């Protein structure tokens, strides 16, 4: 998966203001300002069992990005604001409220008073300032830094008093504070010494005693046994209550079993040893459908998720490539033609990919975001159903012919055979199968494809360093439904602008228009205007096809019937995002 990379920026000092109102003592003695969840009820007790596929590298959410790790650390930490994974709306969390300036640049955030970390120490504005200090320091290596940056800069953070901070951005921020979702507030009293000493990266490593790790999440670490399990227990200082006034979470513990093999995980779920499956492979899901009525579990297909595979061609200018050749020039001229990319798109049997690779549990895609993103997907996009005849006509229209009758088109000044090397990731079975279908599809229109399977680091080297490739099949997985967090992908200057990254100025007129629309999207404070701008981006993409979408796999999940208060979401972790609300029958 291609991740949105953290843009390097110089550390911007966090501004400290003199405390105007409540001091630390007052903050400590204040009654906790709980977040009360209406229409929520449940019984206390129980141990929820879930699987992760790897041991943790750190228990500091700020310093880990792997899904297996964040699944655990997100339950131990809390953010200022949080995206409700059911409604996709931004909601208060550690921040009880905030005001926005008229120009959309300044946010005054009011923190809940009287809250404590899981070790009993008080939560104050100093912890917020410390968290942003860590975020902004390149030496700290915070994975979430790029998420918080806006145009390469962090917001200026000022402490107003012990329960109020102000964030000031360099420009209006159309998505508001969404980028702060999942950014954990760190305990300054626990981590300041290791940060100042340059050892923050190892401070909460796997061998750290549980009592030394503190967070504001619903659970805290009780036990970790390498290769076996991670056990979290209820945080007695948690700051949410249900409608009856009972403090959450309901569960006593969550046990994460470390199971690297997905088939083993599915079998243990079927045997009742695991309570939640946050994802199935299509083969297991189909098998479970036949036995669902005979087991004490439920499985569900949530439809297409946000992740989707793209096929794109190398459109990097020759002067940016370390090694150049006459063939590169001919390929660039061909790949830059929208008619060529449209011909390839019409040749693809997306329905066949969904059927053969995902057993029908995927949806064909025709734009830059998945149709599963109901908040932002433009349903007016043209669906390019497979049409090899139209593909051949488009290719003939730009001068590609098969003069020698060998079934392969010729192109360029020297009329060389059209042979394309397609790179994709080794070990990803679904992507390997998809690449083979693409090869077969393109052979029908006179394009020969040679598939090269590479390790992820090798693939990244071709994509980002040597620029030595013809075509790549790879996936992008957004972390939120709003498109604002993917500007590195949309902007022509972005480092993840896959087909030709880091352009000094837009290479094409349509990329210049997309740049303008994305700028409008990220700066506008009008939701309707933001939506209109991004719908136009999708229409341009649908026409120009700089990266050709294939399919979006369905989100396949399952749970034990003993678990209650589940609210499935297309955002991961699909079933565990509201862990503090979950219940489990113990009878």
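Every read-out reported here was derived from the displayed coordinates using simple, explicitly stated rules and does not represent laboratory data. Remember, predicted model here, so these are calculated numbers, not experimental data. Here Cβ is always computed from backbone atoms with ideal geometry, including for glycine, and neighbour counts include all displayed protein chains.
Considering only DSSP beta bridges whose two residues both sit in the chain, what percent are antiparallel, to the nearest 5?
Numbers: 57 of 76 bridges.
Just about 75 percent of them are antiparallel.
As I understand it, the value is the acute angle between the Cα axis of helix 338-347 and the longest principal axis of the Cα atoms of the chain; what does it come to in degrees, rounded to 10?
Around 80 degrees separate the two axes.
Using DSSP, restrict attention to beta bridges with both residues in segment 308-553 and report what percent are antiparallel, rounded to the nearest 5. Provide the component values of the computation, followed by the final result.
Values: 15 of 24 bridges.
If I count the DSSP bridges inside segment 308-553, around 60 percent turn out antiparallel.
Taking 22 Å as R0, compute the FRET efficiency from the Cβ-Cβ separation of residue 30 and residue 241 and round it to 0.05. The partial results should precede the final answer.
Details: r = 16 Å, r/R0 = 0.75.
It comes out at approximately 0.85.
For residue 67 and residue 415, what is the calculated FRET efficiency with R₀ set at 41 Å and r taken between the beta-carbons, to the nearest 0.05? Intermediate results must be reported in sequence, preceding the final value.
Details: r = 48 Å, r/R0 = 1.18.
Computed FRET efficiency for residue 67 and residue 415 comes out at 0.25.
Full-extension gain between residue 228 and residue 337, please, as 0.36 nm times their residue separation minus the C-alpha to C-alpha distance. Don't skip to the answer; put the middle values down first.
Working: separation 109, 0.36 × 109 = 39.24 nm, distance 5.34 nm.
Here the segment from residue 228 to residue 337 would lengthen by 33.9 nm.
Tell me, what does the Kirkwood hydrodynamic radius of segment 95-149 come to in angstroms if you use every pair of distinct C-alpha atoms?
Details: mean 1/r = 0.0756 Å⁻¹.
Roughly 13.2 Å, rounded to one decimal.
Where does the chain land at 222 nm, in deg cm²/dmol rounded to the nearest 500, when only DSSP H runs of n ≥ 4 count, each adding -39500 (n - 2.57), divided by all residues?
Details: 17 runs with 158 residues, N = 587.
Calculated at 222 nm, the ellipticity per residue is -7500 deg cm²/dmol.
Multiply the residue separation of residue 208 and residue 458 by 0.36 nm, subtract the distance between their alpha-carbon atoms, and state the gained length in nm to one decimal.
Difference between extended and current length: 86.6 nm.
What FRET efficiency comes out for residue 439 versus residue 168 if R0 is 51 angstrom and r is the Cβ-Cβ distance? Round to the nearest 0.05.
So, using R0 = 51 Å, E works out to roughly 0.45.
Under the definition of Cα pairs under 8 Å and six or more residues apart, what whole-number percent is the relative contact order of the chain? Don't skip to the answer; put the middle values down first.
Details: 1215 pairs, mean separation 116.5, N = 587.
So the answer I get is 20 percent.
Mind ranking 102-113, 502-513 by how tightly packed they are, going by the mean number of other C-beta atoms within 10 angstrom, highest first?
Sorting 102-113, 502-513 by mean packing, highest first, produces 102-113, 502-513.
Counting only Cα, what are the radius of gyration and maximum Cα-Cα distance Dmax of segment 308-553, in Å?
Using the Cα atoms of segment 308-553, the pair Rg, Dmax is 17.6, 59 Å.
Å³ per residue of the Cα convex hull, for the chain?
Working: hull volume 91.7 nm³, N = 587.
Output value, Cα hull per residue: 156 Å³.
Between residue 283 and residue 257, what is the spin-label point distance in nm, taking each point 7 Å from the Cα along the Cα→C-beta axis?
Here the answer is 2.0 nm between the modelled labels.
With axes computed from alpha carbons, what is the tilt in degrees of helix 282-291 against the longest principal axis of the chain, rounded to the nearest 10 within 0 to 90?
It works out to around 60 degrees.
Starting with the highest mean, order 155-167, 191-203 by the number of other Cβ atoms within 10 Å, averaged over the residues of each peptide. Mind showing how you got there, number by number?
Values: 155-167: 21.5, 191-203: 15.3.
Answer by packing, highest mean first, reads 155-167, 191-203.
Report the extension gain between residue 319 and residue 543 in nm, rounded to one decimal, defined as 0.36 nm multiplied by the number of residues separating them, less their alpha carbon distance. Kindly include the intermediate steps, with their values, before the conclusion.
On the way: separation 224, 0.36 × 224 = 80.64 nm, distance 2.71 nm.
Stretched fully, the residue 319-residue 543 segment lengthens by 77.9 nm.
Could you check the simple spin-label distance between residue 351 and residue 294, using points 7 Å along Cα→Cβ, in nm with one decimal?
So the two model labels end up 3.4 nm from each other.
So, in Å, what gap is there between the alpha-carbon centers of segment 380-429 and segment 105-126?
58
What value in Å³ per residue do you get for the convex hull of the alpha-carbon atoms in segment 307-403?
Values: hull volume 14.8 nm³, N = 97.
Cα-based convex hull of segment 307-403, divided per residue, equals 152 Å³.
P(r) for segment 444-573, please, calculated from all Cα pair distances in 10 Å bins and given in %.
All Cα pairs, binned at 10 Å, distribute as 9, 31, 31, 19, 8, 1 percent.
Determine, for each peptide in 307-316, 34-43, the mean count of other beta carbons within 10 angstrom over its residues, then list the peptides with the highest first.
Working: 307-316: 21.9, 34-43: 13.7.
With the highest mean Cβ count within 10 Å placed first, the list reads 307-316, 34-43.
Measure nothing but the geometry: give the 0 to 90° angle between the long axis through the Cα atoms of 125-136 and the longest principal axis through the Cα atoms of the chain, rounded to 10°.
30
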